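Below is one structure; the comments refer to it alone.
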Amino acid sequence: MDVIICRDDAEVGAYAAAKVAKVAQAVQKVGKNVVIGVATGSSPLATYAALAKLVEDGKLDLSQASAFALDEYVGLPQGHPESYREVIRRTVAEPLRMRSDRVHVPDGFADDLEQAAADYEQAIKDAGGVDVQILGVGSNGHIGFNEPTSSLNSRTRIKTLTPRTRADNARFFDTPEQVPHHCLTQGLGTIMDARHCVLVASGQGKAEAVKAVVEGPITAMFPGSVLQMHPAATVIVDEAAASALELGDYYRQMYDNLPDWQRVVLG
Ligand code: F6R
């Protein structure tokens, strides 16, 4: 696992975007269409803004790329502005100039949610798998909506949100009661199949979760800790989110001494 400690959220976004762009360009170089896994929430917004700038400047072309969202609420009406289908359209598809028919979100509106989950797994497979997965982390250590005690091998399925996650996400709704109780989420096994994982986190509120993901034991109690088993996971955090890390100085020293070929150049 690579751990990159940045000054602030903007630098986290710039670094993560450079990393995603590097993977995308390598995939495109061998004549394939890149598949990007995308998260919702506040954490990846700086990454999307930096990616949008690369697209705008003509340094990155995602017009043939596909995207797969991690999750979707169950129980919101179609077209609700906080449904992840809408959030992904606003924050990812449009700014990154992606084709809307290539941007996928689990169908949390389906009558048959189990079938929708199976279809989503198949769609990811049919697209050739995810090349690079962008992740945030919940204050309780979840990735996607894989709440504590999720199977480390899980696939896309229905989950119940914890009270803590519902409280954390209440800021997006008029009242806390409006936050749905259920969701469809990619499983931890699904996320682990991505060829690269890039987790971004900023702010003191994520310090405990980041410590658990990076340095804690691998445990279903902190589902993001499964990334310690991923062969190509990069965790990019600001100083506040890094503040509980025991080996912070080591990660900084490692980054300062990276050979040029391993360095991700900020765009
Ligand atoms: C969102 C998702 C979640 C969020 C996490 C952090 O699609 O899968 O795991 O990444 O809840 O949310 P923010 O970034 O809003 O703190």
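Observations on the model:
- Per residue, the chain exposes 45 Å² of solvent-accessible protein surface, assessed with a 1.4 angstrom probe and all protein chains in place.
- Take the convex hull of the alpha carbons in the stretch 6-123; its mean projected area over all directions comes to 7.8 nm².
- With the alpha-carbon atoms of the stretch 95-184 aligned to their principal axes, the span from lowest to highest coordinate is 37, 33, 29 Å, starting with the largest.
- Once backbone amide H atoms are built at 1.01 Å from N, LEU135 has VAL198, LEU199, VAL200 as its partners under 5 Å, excluding neighbours fewer than 5 places away on the same chain.
- Farthest toward positive dipole pole in the stretch 1-91 [+1 Lys/Arg, -1 Asp/Glu at C-beta], among ILE88, ILE36, GLY13: ILE36
- Per the Debye formula on identical point scatterers at the alpha carbon atoms of the stretch 65-111, with no solvent, log10 I(q)/I(0) at q = 0.15, 0.31, 0.32 Å⁻¹ is -0.34, -1.20, -1.24.
- Over the stretch 2-258, the hull volume per residue, using the convex hull of the C-alpha atoms, is 119 Å³.
- Of ALA242, ALA232, ALA116, farthest towards positive along the dipole that unit charges on Lys, Arg, Asp, Glu beta carbons give the stretch 2-258: ALA232
- Subset of LYS32/LYS59; LYS29/LYS59; LYS22/LYS125; LYS125/LYS206 violating a 20 Å alpha-carbon distance limit: LYS22/LYS125; LYS125/LYS206
- Of the residues LEU258, THR219, ALA50, the one whose Cα sits farthest toward the positive end of the charge dipole of the chain, with +1 on the Cβ of Lys and Arg and -1 on the Cβ of Asp and Glu, is LEU258.
- With every protein chain in place, the chain: carbon and sulfur % of accessible area (1.4 Å): 52 percent
- Sequence-distant contacts, meaning Cα pairs under 8 Å at least 6 residues apart, place the relative contact order of the stretch 41-197 at 26 percent.
- A simple rule links phi to the HN-Hα coupling: the Karplus curve 6.51 cos²θ - 1.76 cosθ + 1.60 with θ = phi - 60°, which for the stretch 193-200 gives 6, 4, 6, 9, 10, 10, 9, 10 Hz, with x for Gly and Pro.
- Computed across the stretch 141-267, the Kirkwood radius stands at 15.9 Å (inverse of mean 1/r, all Cα pairs).
- Total charge dipole magnitude, the chain, about the Cα centre, Cβ charges on Lys, Arg, Asp, Glu only, Debye to nearest 20: 520 debye
- Relative contact order %, the chain, counting alpha carbon pairs below 8 Å whose residues are six or more apart: 26 percent
- Each residue of the stretch 76-81 is assigned a 3J(HN,Hα), and the resulting list reads 8, x, 3, x, 4, x Hz, derived from the Karplus form 6.51 cos²θ - 1.76 cosθ + 1.60 (θ = phi - 60°), x at Gly and Pro.
- Total charge dipole magnitude, the stretch 1-127, about the Cα centre, Cβ charges on Lys, Arg, Asp, Glu only, Debye to nearest 20: 780 debye
- Here the stretch 144-191 and the stretch 9-38 have alpha carbon centers that stand 26 Å from each other.
The values are calculated or read from the model by the stated rules, or taken from the named source; none is laboratory data. Remember, it's a predicted structure, so these values are computed and weren't measured experimentally. A quick note on method: Cβ atoms are made from the backbone with ideal geometry, for glycine too, and the neighbour counts reach across all protein chains shown. Side chains are part of the model used for accessible areas, which takes the heavy atoms of the whole protein and leaves out ligands, DNA and RNA. Shrake-Rupley method; radii C 1.70, N 1.55, O 1.52, S 1.80 Å.
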